[in-house]
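Trainee: Have a look at the structure that comes next, please.
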Amino acid sequence: MNAPAPAHRTGAVASDALVIFGFTGDLASKKIFPALYAMVKKGELTTPVIGVASTKWSNYQLHQRVRESVEREGGIDDKPAFDRMVALLRYVSGDYQDPATFAALKAALAGSQRPAYYLAIPPSLFATVIQSLGTTGIARDARLIVEKPFGRDLASAVELDAIAHSVFPEPSIFRIDHYLGKEAIMNILYFRFANSFPEPIWNRDHVASVQVTLAEDFGIGQRGGFYESAGCLRDVIQNHLFQIVALLAMEPPAYQGFGAVHSAKASVFRAMRPLAPDDVVRGQYAGYRQEKDVAPDSDVETFCAVRLFIDSWRWAGVPWYLRSGKRLPSTVAEVLVQLRPPPQKLFDDSHPTDGRANYFRFRLQPVSAIALAARVKHPGREFVGDQRELYLCEDVPAEESPYERLLGDAMAGDGALFTTQDAVEAAWAVVDPVLVDHHPALSYQPGTWGPRAADALVAGHIGWHNPGPERPEAPEPCA
Ligand code: BG6
């Protein structure tokens, strides 16, 4: 698989301005500003950057906000680059419903022929903004970058796609899922298909179950409004976790090129069995209802555990357990591919006494590591041993943050690391049945692994794998 090609190799013409809707939001401050700074530092961003939001900010406030964000998320180690970044910034404030906002944007874009519009805003505003870009006449030769979740269910995703296509052609639409720009997640694809040894055992005959955990030790912060309309299932399971599952479960791409990866992943989503209420345990951390912008009787889940089946030849009968939540014991993401025990018990201890047979473990964050657990004999007369990990940890920090990578790719017209509409719709079709029809969210204490009821999902198996601290040889997570 070749690395996605930069614009000069794809033949696409690069965007000549980046417009960011949602400039005063949490996402912009946490991830986008630091990404822009890194791009400017490397000389990869030299076009104007126009922020749009409803908050009225002076230039001074804008610059302060950007400075605070970059300082907090990694620091300013190149003052000239920071100054160059600030010089690229412009700001348009106004209501997204008001045509005057788009007229002001048009004026700010003067001189730009091919802007890229990035919607870092709540999904409920996508349609309004896309349509206004069309009616204002500033969508021609432009690109559209849309944050996840794309829609809030299957029907709205289909509707949103029709709206997007009424203004932008498909090659100009970039559906972002920033997990696809993470090194450790790209490495799942590489590890599986750049090596020959995993493939013969990567199937129902050898894999007993797969677990994917994305845990965060913090709460929803200032994002109560967004979270109330989303919940954990829409926020991260239908997209980030499903993308991880697709990379783990997909068939080998039929040819070299990301088109083959896209279609192999879409086939995984299509083979997923639609979820039923008993496949899902929803939880809500104690204290959530007192958070800002949260309803006092909210039933929105801040934790979600899912049991999933992929009804394909390769994965028939293998349960996939996915779990994510806020205010869990740590901030960590990990995959455990649990292998079946040997068919015969030749040694007293060769069936796992601790409940775990051999496994592959992919630590996805805060560091990137892969471990293969195997039993080895203890020195001595007895044939007894224990399970130890062959351990590979990436100690070179990622060159780019996911947003740096993905915004650069989208502006260059390279869609390799973005999701496709057929995959988005197939993923919604899996979760659609339980978006409305589900059991109530059960309360859990902050700092725990969610409601106890989640344990029942894995009954008959070995229980949840709670990712522990990474091994001592793991490097410090990079900022
Ligand atoms: C976002 C979700 O897409 O991903 C957040 O909206 C979540 O709720 C975040 O915290 C996790 O991303 P990362 O890169 O920090 O693991």
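The values are calculated or read from the model by the stated rules, or taken from the named source; none is laboratory data. None of the values given here were measured: they were computed from a predicted structure. Virtual Cβ from ideal backbone geometry, glycine too; neighbours counted across all protein chains shown.
Trainee: Just to check your reading of the model, which residue among GLY225, GLY219, GLY137 is within 16 Å of the ligand (Cβ to nearest atom) and either assigned to a loop (DSSP other than H, G, I, E, B) or among the charged types (D, E, K, R) (or both)?
Mentor: Of the residues listed, the single one that is within 16 Å of the ligand (Cβ to nearest atom) and either assigned to a loop (DSSP other than H, G, I, E, B) or among the charged types (D, E, K, R) (or both) is GLY219.
Trainee: Oh, and also: So which residues in the stretch 272-293 are over 24 Å from PHE218 (Cβ atoms) and either of a type in the set (Phe, Trp, Tyr) or touching a helix residue (DSSP H, G or I) at 6+ places or on another chain (Cβ under 8 Å) (or both)?
Mentor: MET272, ARG273, PRO274, LEU275, ALA276, PRO277, ASP279
Trainee: What's the number of the condition VAL92 fails, among (1) assigned to a strand (DSSP E or B); (2) within 27 Å of the chain's Cα centre (by Cα)?
Mentor: Only one criterion is unmet by VAL92, namely (2).
Trainee: What tally of residues in the stretch 329-347 results from selecting those that are more than 16 Å from the ligand (Cβ to nearest atom) and part of a loop (DSSP other than H, G, I, E, B)?
Mentor: The qualifying residues number 8.
Trainee: What are the pairs, 6+ residues apart or on separate chains, where a residue within the stretch 171-190 that is of a type in the set (Phe, Trp, Tyr) has its Cβ under 7 Å from a residue that is within 13 Å of the ligand (Cβ to nearest atom) and part of a helix (DSSP H, G or I)?
Mentor: What qualifies is TYR179/ILE185; TYR179/HIS240; TYR179/GLN243; TYR179/ILE244.
Trainee: So, one more: Restricting the search to the stretch 252-269, which residues are assigned to a helix (DSSP H, G or I) and out of contact with any strand residue (DSSP E or B) (no Cβ under 7 Å at 6 or more places or on another chain)?
Mentor: Scanning the stretch 252-269 gives PHE258, GLY259, ALA260, VAL261, HIS262, SER263, ALA264, LYS265, ALA266, SER267, PHE269.
Trainee: Counting only residues that are farther than 14 Å from PRO115 by Cβ and under 22 Å from the mean Cα position of the chain (by Cα), how many does the stretch 8-55 have?
Mentor: 18
Trainee: Within the set of pairs 6+ apart or on separate chains, which have a first residue in the stretch 47-70 that is in a loop (DSSP other than H, G, I, E, B), a second that is surrounded by fewer than 16 Cβ atoms within 10 Å (Cβ to Cβ), and C-beta atoms under 7 Å apart?
Mentor: Going by the 7 Å Cβ cut-off, the qualifying pairs are SER54/ASP95.
Trainee: Starting from the stretch 275-302, keep only residues that are closer than 13 Å to GLY325 by Cα and in the same structural domain as ALA427 (by TED's automatic domain parsing), then list their pairs with residues that are polar (S, T, N, Q) and not in a strand (DSSP E or B) whose Cβ atoms are within a distance under 6 Å, requiring at least 6 positions of separation or different chains.
Mentor: Close Cβ pairs satisfying both conditions: GLN284/THR302; TYR285/THR302; ALA286/GLN445; TYR288/THR302.
Trainee: In the stretch 71-85, which residues are in a helix (DSSP H, G or I) and surrounded by fewer than 16 Cβ atoms within 10 Å (Cβ to Cβ)?
Mentor: Selection gives GLU71, ARG72, LYS79, PRO80, ASP83.
Trainee: Output the number of the condition that LYS30 fails; it satisfies all remaining conditions of (1) surrounded by 16 or more Cβ atoms within 10 Å (Cβ to Cβ); (2) free of Cβ contacts under 8 Å to residues at least 60 places away in the same chain; (3) in a helix (DSSP H, G or I).
Mentor: The one condition LYS30 does not meet is (1).
Trainee: Do the conditions hold for ALA35, that is, is it out of contact with any helix residue (DSSP H, G or I) (no Cβ under 8 Å at 6 or more places or on another chain), at negative phi and modelled with pLDDT of 95 or more?
Mentor: No, not satisfied.
Trainee: ILE188 fails exactly one of the following numbered conditions: (1) farther than 30 Å from GLN284 by Cβ; (2) more than 16 Å from the ligand (Cβ to nearest atom); (3) in contact with a strand residue (DSSP E or B) (Cβ under 8 Å, 6 or more places away or on another chain); (4) assigned by TED's automatic domain parsing to the domain that holds GLY259. What is the number of that condition?
Mentor: Unmet for ILE188, out of (1) farther than 30 Å from GLN284 by Cβ; (2) more than 16 Å from the ligand (Cβ to nearest atom); (3) in contact with a strand residue (DSSP E or B) (Cβ under 8 Å, 6 or more places away or on another chain); (4) assigned by TED's automatic domain parsing to the domain that holds GLY259: (2).
Trainee: Let me ask something else. Mind listing just one residue for me: the one in the stretch 347-383 that is of a type in the set (Asp, Glu) and closer than 21 Å to HIS465 by Cβ and, of those, modelled with the lowest pLDDT?
Mentor: Across the stretch 347-383, the extreme among qualifying residues is ASP354.
Trainee: Something else about it: When only residues in the stretch 78-110 that are in contact (Cβ under 8 Å) with a residue 60 or more places away in the chain and not hydrophobic (A, V, I, L, M, F, W, C) count, which is farthest from VAL167 (Cα to Cα)?
Mentor: Only one residue tops the list, namely TYR91.
Trainee: Continuing with the same structure: Among the aromatic types (Phe, Trp, Tyr) and within 22 Å of ALA286 (Cβ to Cβ) - does that describe any residue in the stretch 252-260?
Mentor: Within the stretch 252-260, not a single residue is among the aromatic types (Phe, Trp, Tyr) and within 22 Å of ALA286 (Cβ to Cβ).
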